[in-house]
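The values are calculated or read from the model by the stated rules, or taken from the named source; none is laboratory data. Computed from a prediction, not measured in an experiment: that's the story for all the values here. Note: ideal-geometry Cβ built from the backbone for every residue, glycine included; neighbour counts use all protein chains shown.
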Amino acid sequence: MLFGLFLVIFVVMEENYLFQMSIFYGIFTFIIMTSMISDFSSVLLDIRDRNILFPKPVNRRTISTAKLVHVIIYLSFLTIALVSIPLLIGLVRHGILFFLVSVLSVILLNLLVVGITALLYLFILRLFDGEKLKDIINYVQIGLSLSMMVGYQLLVRSFEFIDLTISLEPSWWHVPIFPMWYGAMMDMVMNNVFQPFNLLFTALGIIVPLVSLALYVTFNPTFEQSLQKLVYQGKAKVNKRSKLKERILTIICRSQEEKTFFTFARLMMKNERDFKLKVYPSLGFSVVIPFIFIMSGYDQDFDSIANGKLKNEIFCNGAFILFLNYTDL
């Protein structure tokens, strides 16, 4: 509900629908995609009920469809909690047409997220098996989380703010940013702007979710059959102790207790999939986001930097670093 109150800001803005609704759907997609990866991927990839249901006269397509319906129902509850207040305020602020287009866009976004995630898992299941498959699924989940963070940053930086006026110059790299599809749809319907840019994005926003979901339903039996690979553990890994690693460990850690805890932390960061899913996206984001800021600042010359106040952070950071010696961290 708190995120829903935050989304109200973009609904009550002035009628620049392409900007405000693209940001609205971008934040909504980020939350839904994160929930899909962290909470509902285990439902689609669940194999615990196979021994109970498969001997019974239950079609595998029925089981897979039940999983999909389960995910859609819970995503619907999450969606209602997020967008019910903003859309009701939008109904009062912009009218019934705004409300109907927003509801349609939210439904299509949910279908798009579920369809793309399921097809991606299907593609991975066809290529890998055993423990390698579980590792690849974990890395794909990390990549999806990181791509959502980076995609949201690119979405915000797609718009230029000049003299308090928001403008957008359409480019080819805007096409994969699918929250903009539904911002363009809203702009076309509410402002009657039938430009090729809006028409293309509106068509993609309607066709791609339906096609992705239809493909998933078509390949349902293949998906369920490929889930059997998750049962296979594969060959056990033989960990060879490297002499170089032992020497580095001896240099870094002086006592046996330090070596024990260092080895424990290293093995957890290497092998624990839940830990990697929670920590690695943040680490990757900390690496990528500086380059995004650098690229967005290329249009500023050195004179504007010299005359601005951004350079003061360099002096402040130096003082802050010195104070770290006297903290409890």
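For this structure, a couple of remarks:
- Helices (runs of 4 or more DSSP H) fully within region 1-109 counting 2 or more residues that are at pLDDT 85 or above and surrounded by 15 or more Cβ atoms within 10 Å (Cβ to Cβ): 17-35, 60-94
- Subset of region 181-196 that is part of a helix (DSSP H, G or I) and surrounded by fewer than 20 Cβ atoms within 10 Å (Cβ to Cβ) - its residue that is farthest from the chain's Cα centre (by Cα): Asn191
- Taking the criterion of being among the β-branched types (Val, Ile, Thr), over 19 Å from Leu204 (Cα atoms) and out of contact with any helix residue (DSSP H, G or I) (no Cβ under 8 Å at 6 or more places or on another chain), the only residue of region 95-125 that qualifies is Ile96.
- Any chance Leu215 is over 23 Å from the mean Cα position of the chain (by Cα), at pLDDT 85 or above and surrounded by 13 or more Cβ atoms within 10 Å (Cβ to Cβ): no
- Filtered residues of region 195-210 (kept if touching a residue at least 60 places away in the same chain (Cβ under 8 Å) and either closer than 16 Å to Ala66 by Cα or β-branched (Val, Ile, Thr) (or both)): Ile206, Val208
- Residue under evaluation Gln256, criteria (1) at pLDDT 80 or above; (2) surrounded by fewer than 12 Cβ atoms within 10 Å (Cβ to Cβ); (3) within 30 Å of Lys67 (Cα to Cα), criterion not met: (3)
- Note on region 111-140: among residues that are within 11 Å of Ser226 (Cα to Cα) and modelled with pLDDT of 70 or more, the one that is surrounded by the fewest Cβ atoms within 10 Å (Cβ to Cβ) is Leu127.
- Scan of region 8-38 for residues that are aromatic (Phe, Trp, Tyr), under 21 Å from His94 (Cβ atoms) and under 21 Å from the mean Cα position of the chain (by Cα), ordered by number: Phe10, Phe19, Phe24, Tyr25, Phe28
- Among the residues making up region 264-284, those that are in contact with a Lys or Arg (Cβ under 9 Å, 6 or more places away or on another chain) and at pLDDT below 75 are Arg273, Lys276.
- Members of region 158-180 found to be part of a strand (DSSP E or B) and at pLDDT 75 or above, listed by number: none
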